[in-house]
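The values are calculated or read from the model by the stated rules, or taken from the named source; none is laboratory data. Note that the structure is predicted; figures quoted are calculated from it, not measured. So basically every Cβ, Gly included, is an ideal-geometry build from the backbone, and we count neighbours across all protein chains shown.
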């Protein structure tokens with residue numbers, strides 16, 4: 001199989017779909033890898049490193065898309081990239097289609113097959129290809145939140161960990177999953193007063209067992225959320241419904257009760273955001289203000305630390321890339337139900353129920369789509 005790795009073109013996106021080590025593994029299995037020149041530079045990988053690993057280099061993305069059987073990316077294809085995909089070709093990347101009807105339409109029109117990293121599950125029901133970037137985004141959410149709490153960035157002028165004699169900042173984390181736990185760990189490490197809200201009592205018990213009185217855990221209800229928002233300095237939106245649009249937990253009306261200069265970081269923005277007032281931003285222009293509240297809604301947060309992110313993502317995706325390359329799409333999905341759950345689009349058909357529900361479109365099960 002010919003595996004193509006184009007350079008990412010989303011704003012300030014410096015990650016790359018495969019590391020040179022990943023290329024070497026694919027080549028050792030008899031596959032060809034075509035890498036666009038400069039694809040790995042943002043993550044610290046020179047073209048020469050890919051060439052030494054066995055890859056061929058292409059001067060432009062068009063050639064990569066034209067020659068590859070499978071495209072391995074990080075972020076969702078931009079419209080021009082979608083138009084370069086063709087029938088029978090396989091795309092393996094983050095897609096987040098529930099919040100992106102245009103991309104869904106273009107991918108369906110291309111006739112290609114698209115597997116979304118964020119939809120692939122393991123045998124325990126977890127999301128192994130989303131988890132590494134969730135860990136990165138959770139940690140980054142605290143770093144960025146602390147930065148924008150500084151007065152010259154529009155925040156309250158509060159130091160996250162406080163100092164002797166002065167209270168630490170109050171950090172409210174909505175969701176106790178991978179993102180939420182990663183955020184809470186960093187916030188606690190910086191000395192903040194941290195509270196996690198979640199609706200899973202087993203998860204709250206688990207967090208309590210891990211951290212005891214270092215971490216406050218509360219069952220999430222509208223009343224509890226409103227009370228906690230009133231006292232929070234930094235709010236992290238970390239909720240996830242796999243494949244589906246994120247629930248809008250914080251309404252605009254709730255902002256009226258919050259303290260001016262509070263910072264909200266919406267890590268769920270890829271799935272539409274969990275704050276009513278959220279809209280996607282970029283690393284170039286990361287924040288905006290609504291009713292005195294600072295919103296940070298960058299849709300590719302891990303792209304800020306591309307070296308770490310690329311390595312973490314590649315470690316998780318490479319076994320699946322190898323399976324798809326070695327066996328082909330149909331056999332790989334037939335043998336692995338977990339990977340099959342990642343199939344979002346096949347031959348013009350939408351094959352992911354949560355995405356279809358979010359977009360109001362019809363869908364067919366992956367097994368039926370593949371059989372057709």
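For this structure, a couple of remarks:
- Exclusive hit being at pLDDT 95 or above, outside the structural domain of residue 42 (by TED's automatic domain parsing) and out of contact with any strand residue (DSSP E or B) (no Cβ under 7 Å at 6 or more places or on another chain), set 109, 137: 137
- Single residue of the stretch 260-281 satisfying the filter (assigned to a strand (DSSP E or B) and without any contact (Cβ under 8 Å) to a residue 60 or more places away in the chain) that is nearest to residue 150 (Cα to Cα): 264
- Meets criteria (outside any loop (DSSP other than H, G, I, E, B), under 17 Å from the mean Cα position of the chain (by Cα), modelled with pLDDT of 95 or more and in the same structural domain as residue 234 (by TED's automatic domain parsing)) for residue 115: no
- Answer from 326, 300 - the residue that is in contact (Cβ under 8 Å) with a residue 60 or more places away in the chain and closer than 23 Å to residue 86 by Cβ: 326
- The criterion of at least 2 residues that are more than 23 Å from the chain's Cα centre (by Cα), at pLDDT 90 or above and surrounded by fewer than 21 Cβ atoms within 10 Å (Cβ to Cβ) is met by the following helices (runs of 4 or more DSSP H) wholly inside the stretch 311-372: 329-335, 366-371.
- Flag if residue 249 is free of Cβ contacts under 8 Å to residues at least 40 places away in the same chain and in contact with a helix residue (DSSP H, G or I) (Cβ under 9 Å, 6 or more places away or on another chain): no
- Any hit, the stretch 130-141, residues being outside any helix (DSSP H, G or I), under 22 Å from residue 367 (Cβ atoms), within 21 Å of the chain's Cα centre (by Cα) and touching a residue at least 24 places away in the same chain (Cβ under 8 Å): no
- Filtered residue count, the stretch 14-39, keeping only those that are farther than 25 Å from residue 87 by Cβ and in contact (Cβ under 8 Å) with a residue 60 or more places away in the chain: 8
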